[in-house]
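The values are calculated or read from the model by the stated rules, or taken from the named source; none is laboratory data. Remember, predicted model here, so these are calculated numbers, not experimental data. Cβ coordinates were reconstructed from backbone atoms using ideal geometry, including for glycine residues, and neighbour counts include every protein chain displayed. Calculation scope for accessible area: heavy atoms of the full protein, side chains included, ligands and nucleic acids excluded. Shrake-Rupley method; radii C 1.70, N 1.55, O 1.52, S 1.80 Å.
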Amino acid sequence: MGLGWIISMIVAGILGTTFFIIIITMNKKVVHDKKGDIDFSKSDIYFHWTRWDYVIIITAVYTFLCINGLLLFLLRGDNIDSPWIQFFIHQTFVFSLITFIWFITRIAFVFKGIKERWSDEFK
């Protein structure tokens, strides 16, 4: 395993853990019912701009910068043996995947909350 892969795994672990801690601390604002499901009538955190949104934007910008770094080193003529190429390939893959999953999860929670709030109004 090349030096770029190792450094990239360490950076991904540190950034991923930091982002996870930032997001998980918002769970105290989420109200659950007796079954353990989210009670969207009492939890409005999903309908406001939160730290989760900032983290999604930061990871998207970081992914974009990694793609540009990868392109820069590829245009210079580096190959997969270069630690920089290894680093940027790994970072681009990991953080584009994380950004996509968080974004889809965020949208799913908003739509689920809208559906439950809307259905509660017409009962």
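How much accessible area does His32 have with a 1.4 Å probe, in Å² rounded to the nearest 10?
100 Å²
Heavy atoms only, probe 1.4 Å: what % of the accessible area of the chain goes to carbon and sulfur, would you let me know? It would help to have the intermediate numbers written out before the result.
On the way: 5990 of 8330 Å².
The computed percentage sits at 72.
Nothing charged except the Cβ atoms of Lys and Arg (+1) and of Asp and Glu (-1): what's the magnitude of the dipole of the chain about its Cα centre? Round to the nearest 20 debye. Spell out each step's value before the answer.
Numbers: 12 positive and 10 negative charges, 69 e Å.
Using only the charged Cβ atoms, the result is roughly 340 debye.
In whole angstrom, note down how far apart the Cα centers of the range 74-89 and the range 1-53 are.
31 Å
Select from Leu15, Trp49, Ile114 the residue farthest towards the positive end of the dipole of the range 1-120; place +1 on Cβ of Lys and Arg, -1 on Cβ of Asp and Glu, and compute about the Cα centre.
In the range 1-120, that residue is Ile114.
Starting from the coordinates of the alpha-carbon atoms of the range 74-123, obtain the Kirkwood hydrodynamic radius over all distinct pairs and give the value in Å to one decimal. The partial results should precede the final answer.
Values: mean 1/r = 0.0715 Å⁻¹.
Result for the range 74-123 stands at 14.0 Å.
Starting from the Cα-Cα distance between Leu75 and His48, subtract it from 0.36 nm times their residue separation and give me the gain in nm to one decimal.
Gain on stretching Leu75 to His48: 5.5 nm.
Compute a Gaussian network model of the chain, connecting alpha carbons closer than 10 Å, and tell me which residue from Arg106, Arg76, Arg51 fluctuates the most.
Ranking Arg106, Arg76, Arg51 by mean-square fluctuation puts Arg76 first.
Working out 0.36 nm times the residue gap between Ile6 and Ile114, then minus their Cα-Cα distance, what length gain in nm do you get to one decimal? Numbers along the way, then the final one.
On the way: separation 108, 0.36 × 108 = 38.88 nm, distance 4.29 nm.
Between Ile6 and Ile114, full extension yields an extra 34.6 nm.
Mean residue ellipticity at 222 nm from the helices of the chain, using -39,500 (n - 2.57) per DSSP H segment of n ≥ 4 over the full residue count, to the nearest 500 deg cm²/dmol? Walk me through the intermediate numbers first.
On the way: 3 runs with 87 residues, N = 123.
Calculated at 222 nm, the ellipticity per residue is -25500 deg cm²/dmol.
For percent of Cα pairs over 24 Å apart, pick the label among [x] 16; [y] 39; [z] 43 that corresponds to the value derived from the coordinates.
[z]
Using a Cα-Cα cut-off of under 17 Å, which aspartates and glutamates could be cross-linked to Lys115, ignoring same-chain neighbours fewer than 8 residues away?
Straight-line reach from Lys115, under 17 Å: Asp33, Asp37, Asp39, Asp44.
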